[in-house]
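Contents: one structure, followed by commentary.
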Amino acid sequence: MTATHPVTRFAPSPSGHLHVGGARTALFSWAFAKGRGGKFIIRIEDTDQKRSSDAASVGFLKDLEWLGIRWDEGPEYTAPDGSRVGGGPNGSYFQSERLEIYNRYCQKLIDEGKAYEAWDSAEELEAMRKEATAQKVAFRYRFRGPVSAEDRARFIAEGRQAVVRFRSGEVAVTIKDEVLGDATLPAGEVDDFVIRKKDGFPTYHFAVVVDDELMGVTHVLRAQEHFTNTAKHMLLQDALGFRRPVYGHLSIIKNPDDSKMSKRDKDKVLRKAVKEKGLATPPAGTVTAEEWARWIGDDNVQLDLEGAIRLAEALKVQLPEINVDDFRRSGYLPEVLCNFLALNGWSPGHDIEKFDNEFLKERFGLDRVMKTPAKFDRVKLLAFNTDAITGMKPEDFARRCREHARQFRADFLARLDDARFALLMTACQERSKTLDDPFKSNGFLLVADGALAFSDDKNVRKALGIGAAPEAGPTGLAHLRAMRGVLAGISEWTQAALEAAATDYSNAHAGGKIGALAQPLRIAVSGSTVSPPIWDTLVLVGRESALARIDRCVAWASELR
Ligand code: GLU
């Protein structure tokens, strides 16, 4: 491939979930290559044995695939539609499976005198650091002279292990960056950094340089935090006789209050809610007493995702989405998330805001990538998502909600037969902002009739006519009692039959005001004054449950004063 056919890569370290910042890096890298007839590679940087996990690698791939970002080379993956992605001539695409390659290049540098073994113990390094601090200079490790064969043998006998350090030479390095602009690190700034760790694994710096060369990477787009690392990479490239990719570093995505978008934000929201509610113990079925105690006792402790979700549900708060999977769980559409992420750091100009990945691919270039951090505007994202849902064909909305339910709301699929599931979708599309809304706001459908809680609030009391003056005429509660009989007698439990029966009743007893009985019915079957259209709601709940719920509501409301 020549420079006109760029090769880009996304190289996550799989230590958790794919953060939206990472997703944007992947999206830009993909768009850059694919819009120019090039190739996009995924490489899993799992050389940090402590932090990497296989589950996380698979999670990253799943998230990317869901976003519609497909890779030409990389880990093999079977998408939910059965299509296969990945593989390729430059594998393995897991760095942990490439040790032999790194060792070969590392040895080459040692043989050429460009790298050396360093046997310092942790205590010795610490002493050097302290010494530098005492002299008020930054600690930079430099070559400390050759190690004799005897010393080497002694170190090995003592069980010491060596790292390999790169002899960086005290030269100035100019980092060339197509996004942020160039910057020069003065001579002496880069130390003799480690390229192979004691465990035999390469460091990030070494592996990234070797792999970018061997995989033919021409353009590297990555997070801004790697900007100064680029100096190390450039020195290594020169020492190894490698080509130099074009670099572009992407500024981070921030919260509107300028803080970093971090998974800790979820704990922050939960801690605030716990404090406001003055909770001393965890709500039942959320987290264990031990987890709670550890979490409450230390602001740095984070709850695991499942626990955090259960606690958020119990506290009725919305967890801020941070990772791609969070947005997916909340019912955002992948194409909307991609559109929105692209706008957080790039713009096509001409006030164009709505576009798809194809458009991005055609238009994306480094010249319009923003240098300054973008602020993640959740309100705008939700508005984008709402627009997309409103504009969707009903059958598409239903299909996508079903897919969502399969992943995250299986209890609705178990509870509702196909016809009622379809009805829930048509009843909800208009008011839904996310694919999760039809489920999130209709939990009453899952509750056992005997366990439905009626909300004792102002609107409910008003609709039922609790405490209303007798001269005001029949109360909502009275209509509910009467409607119980009407509904029990109708032959077909369909919207049309229900509406016709209710209309007859309201003409005869409620002055034609159907709301006077619709609201009490809604409260009875759903527990509150908000639900899908009432006749749909009654059909969704079903005859038997509806009648049982009305009986319970009448009994409950009769006790209210
Ligand atoms: N594994 C690095 C990270 O996740 C990749 C940096 C790079 O793209 O060079 O930050």
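Structural remarks
- Measure of compaction for the range 254-314 (Cα Rg per 2.2 N^0.38 Å): 1.12
- Angle in degrees between helix 99-111 and the longest Cα principal axis of the chain, rounded to the nearest 10: 30 degrees
- Histogrammed with a bin width of 5 Å, the alpha carbon distances of the range 169-308 distribute as 2, 8, 14, 14, 11, 9, 9, 10, 9, 8, 5, 2, 0 percent, first bin at zero.
- Principal-axis analysis of the Cα atoms of the chain puts helix 264-277 at an angle of about 40° to the longest axis.
- Between the range 390-423 and the range 541-561, the alpha-carbon center distance in angstrom: 28 Å
- If you model the range 311-470 as an ellipsoid using its alpha carbon gyration tensor, with each semi-axis the square root of five times an eigenvalue, the axes come out at 37, 19, 15 Å, biggest first.
- Most simply put, the range 139-273 has about 60% antiparallel DSSP beta bridges, counting only bridges with both residues inside it.
- By other beta-carbon atoms within 10 Å, ranking I253, I101, I389 with the fewest at the front produces I101, I253, I389.
- Cα-centred dipole magnitude for the chain, charges only on beta-carbon of K, R (+1) and D, E (-1), debye, nearest 20: 760 debye
- Summarised in one figure, the compactness ratio Rg/Rh of the range 1-114, Cα atoms and Kirkwood Rh, is 1.01.
- Cα centre as origin, Lys/Arg/Asp/Glu Cβ charges: the range 484-543 dipole, Debye: 200 debye
- Our summary of shape: the Cα atoms of the range 135-184 have principal axis extents of 50, 29, 16 Å, ordered from largest down, in whole angstrom.
- Normalised per residue, the volume of the convex hull around the Cα set of the range 406-535 (Å³): 127 Å³
- With all pairs of separate Cα atoms included, the range 98-180 yields a Kirkwood hydrodynamic radius of 15.4 Å.
- Each semi-axis of the equivalent ellipsoid for the range 412-463 is √(5λ) with λ an eigenvalue of the Cα gyration tensor; in descending order they amount to 23, 16, 9 Å.
- Ordering of 407-420, 232-245 by packing [mean C-beta count within 10 Å, highest first]: 232-245, 407-420
- Here the range 2-43 and the range 455-509 have alpha carbon centers that stand 59 Å from each other.
- Computed over neighbours whose Cβ is under 13 Å from that of R420, the net charge equals 0, Lys and Arg +1, Asp and Glu -1.
- Value of Rg to Rh for the chain, rounded to two decimals, is 1.10; Kirkwood radius and Rg both from alpha-carbon coordinates.
- Extension gain, A153 to K393, is 79.0 nm, computed as 0.36 nm per intervening residue step minus the present C-alpha separation.
- Zero-based 10 Å bins, Cα pair distances in the range 475-561, whole percents: 18, 58, 22, 1
- In degrees, nearest ten, helix 122-134 long axis to first principal axis of the chain (Cα): 90 degrees
- Cβ-derived FRET efficiency at R0 35 Å, A55 paired with E290, nearest 0.05: 0.90
- Reduced Cα scattering model of the range 458-519, Debye log10 I(q)/I(0), q = 0.13, 0.18, 0.24 Å⁻¹: -0.34, -0.62, -0.99
Read-outs throughout are calculated quantities, based only on the coordinates presented, and are distinct from any laboratory measurement. For clarity, every value in this text was computed on a predicted model and none was experimentally measured. Neighbour counts run over all protein chains shown; Cβ positions are idealised from the backbone, glycine included.
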